[in-house]
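Enquirer: Here you go, one structure.
The values are calculated or read from the model by the stated rules, or taken from the named source; none is laboratory data. From a predicted model like this one, the values you see are computed outputs, not experimental measurements. Backbone-built Cβ (ideal geometry, glycine too); neighbour counts: all protein chains shown.
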């Protein structure tokens, strides 16, 4: 082995030894403080804590110290016959070693500073914040290590590098009309749609779809087709809560195939197609197609995108998810100065739901003040803020007043604490004025909410899959500031607003992605500036193409590692963890009772209203009304219960325990008003007696 490879192997082993310590620290926190397990290894920590108590830290570290250098040796041996790329060595010497060392060494000081700030601000110090930091620092350090060794594996001789650079320059000077990388993008989007589309269909067939929000929106489509526009159930109009027009574009297709599986597959297709404008934006900004493809793969691997498609609470459809792809198409139109595309897609995006108007408004300001396209930018910004005002001041209040509700839109309920803390009742005399007053009179309260543990973790969950590159382009990241503020300032009762396990963050994903692309394009200039400021860094004679390529590999590694650890698709740990009630593959396996559901559907006329258990309402969405058990029992003649319903097995969600509904079943069995009309296995159908 040449000396140059020996040096690289030694540094790789040292880096992995430090990484092993970080992994050991993470496993230690995993064992000692299981309640810290937010979004990761749910249930897995129980078996780990049972077999690996405090001694598990040393054991895992020892195993990692033995295994990781062996893996590094394999990479080094595979590159033995090649000329090791100078960039890889310089990156290893000045970047990898120092970054991993600083990340792990600074973990404790960062934790202490964090706790001190929380103490000064009056916010309670987290019980063991090392668990939070170890989780993400390990993901980032391991991603850097993967990036380094992938670069080593594909390193070429100087001659090959020069040829590659010449090819890149030629591509930049004259772009051929056809882009072969688009085919790979189409394939990647197709794989995403196939996997998550199939998961959605299987989840429907396995009775694993929750009533909220999927069944509600399918009911909306069904009622609209049958003359009850925008109605969810009798007396419940969706427009009284939100204004959404884009979702009605699905109606013609739904009329041909009216079922929940269709709307689920359509949502998956809309999210997956977002990879195409993501690639086009990256190609336009970075000017290198392979790197643009890497960012597209990172976008599709992003666990936040996965959860917006299939939530942790078993929801598989919400039309607001359409906005991600529409925002990307709109921004691409602005980059290429195709104003019809920019304005058209921007309008469709803000019509998905009224709060998306804020993001359309910010994109318009970016186009006006950063790209200097004043007319288009200010025009779209006015369009966004004008539609928001129309919805919140005119449309929603008028519909709510017609149905006898208070006139304040549902969106204000997310910020009810701003009224409650000033002695006002929720929903009474509350609006923008009181929110502004709260922001001006309670600055400490605002600061506490924006710097809380959950808010910091929320931003980290969205920025880490793209290697935190968004921080290098603050002017682009400003487009996402209002969206983040609306999420982070929400009442603590609305925890889903600051969790990537739901769909509320769907608007944040494309904006953070765009900022990450801008940050990656700025990285070479930033490195040159640092080399001027610190002459020692001048030894890093890194070419822009090499750095950009490394960043492309880095974002793929970050997104992939994070996806494996906290997402819910088949390439994740939790998917195969039998103790993980929320993400295990059993959610997609049809139980025996699915064979008997058609018999019940044939028994109950569609003109009748039905009460069904939480995960069974999807099978009765085409009836006159369908209510979630046990609500509405006094108003209907039919009650359908699945005693194996997921909500009856100690299932708790945000402090609500649905297992108590078993008592309602006993009450029905003992009631003189209902009789058992059908019973097979865990399924029972109650019918109201005729008096």
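Enquirer: Counting only residues that are surrounded by fewer than 22 Cβ atoms within 10 Å (Cβ to Cβ) and under 16 Å from residue 592 (Cβ atoms), which one in region 631-644 is farthest from the chain's Cα centre (by Cα)?
Expert: Filtering first and then ranking leaves 643.
Enquirer: Something else now. Here's a check for you: in region 194-233, which residue that is under 24 Å from residue 496 (Cβ atoms) and outside any helix (DSSP H, G or I) is farthest from the chain's Cα centre (by Cα)?
Expert: 233
Enquirer: I'm told residue 497 meets every condition in (1) over 22 Å from residue 471 (Cβ atoms); (2) part of a loop (DSSP other than H, G, I, E, B) except one. Can you identify the failing condition by its number?
Expert: Of everything listed in (1) over 22 Å from residue 471 (Cβ atoms); (2) part of a loop (DSSP other than H, G, I, E, B), residue 497 misses just condition (2).
Enquirer: Can you tell me which residues in region 412-454 are more than 14 Å from residue 492 (Cβ to Cβ), at pLDDT 70 or above, in contact with a helix residue (DSSP H, G or I) (Cβ under 7 Å, 6 or more places away or on another chain) and crowded, with 18+ Cβ neighbours inside 10 Å?
Expert: 438
Enquirer: Would you say residue 285 is more than 21 Å from residue 186 (Cα to Cα) and assigned by TED's automatic domain parsing to the domain that holds residue 204?
Expert: When the stated conditions are applied, residue 285 does not pass them.
Enquirer: Report whether or not residue 313 is farther than 19 Å from residue 558 by Cβ and touching a strand residue (DSSP E or B) at 6+ places or on another chain (Cβ under 9 Å).
Expert: In short, yes.
Here's the yes/no breakdown for (1) in contact with a strand residue (DSSP E or B) (Cβ under 7 Å, 6 or more places away or on another chain); (2) surrounded by 21 or more Cβ atoms within 10 Å (Cβ to Cβ):
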{"site": "557", "(1), (2)": "no, yes"}
{"site": "580", "(1), (2)": "no, no"}
{"site": "586", "(1), (2)": "no, no"}
{"site": "590", "(1), (2)": "no, no"}
{"site": "593", "(1), (2)": "yes, no"}
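Enquirer: Please tell me if residue 254 is free of Cβ contacts under 8 Å to residues at least 60 places away in the same chain and farther than 19 Å from residue 182 by Cβ.
Expert: Criteria met by residue 254.
Enquirer: Of all residues in region 544-591, how many are more than 22 Å from residue 291 (Cα to Cα), part of a helix (DSSP H, G or I) and over 15 Å from the mean Cα position of the chain (by Cα)?
Expert: 7
Enquirer: All but one of (1) at pLDDT below 90; (2) under 23 Å from residue 222 (Cβ atoms); (3) more than 38 Å from the chain's Cα centre (by Cα) hold for residue 669, so report the exception by its number.
Expert: Answer for residue 669: the failing condition is (2).
Enquirer: Do the conditions hold for residue 487, that is, is it buried (at least 21 other Cβ atoms within 10 Å of the Cβ), closer than 27 Å to residue 583 by Cβ and at pLDDT below 90? Steps first, answer last, please.
Expert: Details: buried (at least 21 other Cβ atoms within 10 Å of the Cβ): yes; closer than 27 Å to residue 583 by Cβ: yes; at pLDDT below 90: yes.
Considered against the rule, which asks whether it is buried (at least 21 other Cβ atoms within 10 Å of the Cβ), closer than 27 Å to residue 583 by Cβ and at pLDDT below 90, residue 487 comes out as yes.
Enquirer: Another one. Select, from 482, 465, 510, the only residue that is under 28 Å from residue 279 (Cα atoms) and at pLDDT 95 or above.
Expert: 510
Enquirer: Does region 395-405 include one or more residues that are more than 19 Å from residue 230 (Cβ to Cβ), modelled with pLDDT of 75 or more, loosely packed, with under 15 Cβ neighbours inside 10 Å and assigned by TED's automatic domain parsing to the domain that holds residue 513?
Expert: no
Enquirer: Is one or more of the residues making up region 509-526 farther than 25 Å from residue 301 by Cβ and either assigned by TED's automatic domain parsing to the domain that holds residue 282 or in contact with a strand residue (DSSP E or B) (Cβ under 7 Å, 6 or more places away or on another chain) (or both)?
Expert: First pass over region 509-526, keeping only residues farther than 25 Å from residue 301 by Cβ: 525-526.
With the extra rule that they be either assigned by TED's automatic domain parsing to the domain that holds residue 282 or in contact with a strand residue (DSSP E or B) (Cβ under 7 Å, 6 or more places away or on another chain) (or both), the set shrinks to 525-526.
Yes, because at least one residue in region 509-526 is farther than 25 Å from residue 301 by Cβ and either assigned by TED's automatic domain parsing to the domain that holds residue 282 or in contact with a strand residue (DSSP E or B) (Cβ under 7 Å, 6 or more places away or on another chain) (or both).
Enquirer: Oh, and also: Test of understanding: among 490, 470, which residue is in the same structural domain as residue 274 (by TED's automatic domain parsing) and part of a helix (DSSP H, G or I)?
Expert: 470
Enquirer: Let me ask you something else. Considering each of 342, 366 in turn, give the residue that is closer than 20 Å to residue 320 by Cα, surrounded by 18 or more Cβ atoms within 10 Å (Cβ to Cβ) and modelled with pLDDT of 95 or more.
Expert: Unique residue meeting the criteria: 342.
Enquirer: Name the pairs: first residue in region 324-345 and outside the structural domain of residue 359 (by TED's automatic domain parsing) and without any contact (Cβ under 8 Å) to a residue 60 or more places away in the chain, second residue part of a loop (DSSP other than H, G, I, E, B) and surrounded by fewer than 24 Cβ atoms within 10 Å (Cβ to Cβ), Cβ to Cβ under 9 Å, at least 6 apart or on different chains?
Expert: Sorted first by the residue in region 324-345, then by its partner, the list stays empty.
Enquirer: Condition first: at pLDDT 95 or above and surrounded by fewer than 24 Cβ atoms within 10 Å (Cβ to Cβ). Now tell me which residues in region 286-299 satisfy that.
Expert: 293, 297 - these are the residues of region 286-299 that are at pLDDT 95 or above and surrounded by fewer than 24 Cβ atoms within 10 Å (Cβ to Cβ).
Enquirer: So which residues in region 197-238 are touching a strand residue (DSSP E or B) at 6+ places or on another chain (Cβ under 8 Å), at negative phi, in contact (Cβ under 8 Å) with a residue 12 or more places away in the chain and crowded, with 20+ Cβ neighbours inside 10 Å, if there are any at all?
Expert: Answer for region 197-238, where residues must be touching a strand residue (DSSP E or B) at 6+ places or on another chain (Cβ under 8 Å), at negative phi, in contact (Cβ under 8 Å) with a residue 12 or more places away in the chain and crowded, with 20+ Cβ neighbours inside 10 Å: 211, 215, 216, 219, 220, 238.
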